[in-house]
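One structure is given below, encoded as structure tokens.
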Amino acid sequence: MTPPLPAPTIRPARPEDVPAVVAMVHELADYERAPEQCHLTEEQLTAALFAPAPALFGHVAVDQADQPIGFALWFLNFSTWEGVHGIYLEDLFVRPAARGTGAGRLLLATLAAICVERGYRRLEWWMINWNPAARFYAAIGAAPMDEWVPYRLAGTALHDLAAQATAVTSPGG
């Protein structure tokens with residue numbers, strides 16, 4: 001019998017983690033059968049995570065050698081009904097060899113702790129409908145939101161609608 005792998009450590013992402021996180025984002029895209037749709041670069045992720053006023057945040061699960069084996073990338077959302085921020089988890093991924101170490105649970109527990117500490121009321125994410133992680137999410141108490149239908153405006157449709165704007169303002173303005 002193979003001994004269990006040691007539990008990973010969760011910490012905020014550092015600039016030196018960016019290459020590993022970008023590689024794992026591409027691994028996630030491949031897992032989700034859409035590698036051609038993933039265009040993230042190290043430069044883009046570095047700018048998003050470490051700009052003077054970042055809008056994206058990240059945590060990594062690291063092994064005993066401090067090497068990233070999983071990650072969570074997230075940003076703040078806001079509930080007008082609750083009147084407070086929440087966390088939207090953009091991506092959660094644990095490398096296959098590290099699955100079963102508790103890395104996914106620890107990453108989610110870290111985000112839940114941030115929510116509780118800051119008074120946020122929600123931790124939300126989307127999951128591709130065939131992902132077997134649904135059982136894991138249910139086991140930690142997460143519930144699917146079947147009554148909400150996601151929409152996306154992108155590509156030509158996004159540009160066509162943008163062309164109808166009479167004035168463009170900066171975020172928050």
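All of the numbers you see were taken from the coordinates with simple rules; none came from a lab. As the structure is a prediction and not an experimental result, all values here were calculated from the model. We place every Cβ from the backbone using ideal geometry, glycine too, and count neighbours over all the protein chains shown.
Converting phi to 3J(HN,Hα) with the Karplus coefficients 6.51, -1.76 and 1.60 and the offset θ = phi - 60°, the stretch 57-68 yields 10, x, 10, 10, 9, 10, 7, 5, 8, 6, 9, x Hz in sequence order, with x at every glycine or proline.
3J(HN,Hα) along the stretch 117-129, derived from phi through the Karplus expression 6.51 cos²θ - 1.76 cosθ + 1.60 where θ = phi - 60°, amounts to 4, 9, x, 6, 9, 9, 10, 10, 7, 10, 9, 4, 5 Hz, with x in place of Gly and Pro. For residue 90 and residue 34, the difference between the fully extended length at 0.36 nm per residue and the C-alpha to C-alpha distance is 18.6 nm.
Below 8 Å between Cα atoms, with a sequence gap of 6+, how large is the relative contact order for the chain in percent?
On the way: 201 pairs, mean separation 32.1, N = 173.
Relative contact order for the chain comes out at 19 percent.
Its Cα centre serving as origin, the stretch 9-147 has a Cβ charge dipole (Lys and Arg +1, Asp and Glu -1) of approximately 480 debye.
Converting phi to 3J(HN,Hα) with the Karplus coefficients 6.51, -1.76 and 1.60 and the offset θ = phi - 60°, the stretch 9-18 yields 9, 10, 8, x, 5, 10, x, 5, 7, 3 Hz in sequence order, with x at every glycine or proline. Projected onto its three principal axes, the C-alpha set of the stretch 38-87 covers 43, 25, 24 Å, listed from the longest axis down.
Close amide H partners of residue 122, meaning residues 5 or more places away or on another chain with modelled amide H under 5 Å apart, are 87. Distance between the modelled labels on residue 113 and residue 134, one decimal in nanometres: 3.1 nm (7 Å Cα→Cβ projection). Normalised radius of gyration (Cα atoms, divided by 2.2 N^0.38 Å) for the chain: 1.13. Using DSSP loop states and a limit of at most 16 other Cβ atoms within 10 Å to flag chymotrypsin sites (Phe, Trp or Tyr not before Pro), what is the longest stretch of the chain containing no flagged site? Result for the longest clean stretch: 1-80.
Counting other Cβ atoms within 10 Å as a rough exposure proxy, the listed residues 152, 33, 11, 95 run 152, 33, 11, 95 from fewest neighbours to most.
What are the GluC sites (Glu not before Pro) within the stretch 96-173 that DSSP puts in a loop, where the Cβ has at most 11 other Cβ atoms within 10 Å?
Details: sites: 117, 124, 147; in loops: 147.
Taking the stretch 96-173 and a limit of 11 other Cβ atoms within 10 Å, the loop GluC sites (Glu not before Pro) found are 147.
Evaluated at 37 °C with a viscosity of 0.692 mPa s, what Stokes-Einstein diffusion coefficient in µm²/s does the stretch 1-98 have when Rh comes from the Kirkwood expression over alpha-carbon pairs?
On the way: Rh = 14.7 Å.
Estimated via Stokes-Einstein, D reaches 224 µm²/s.
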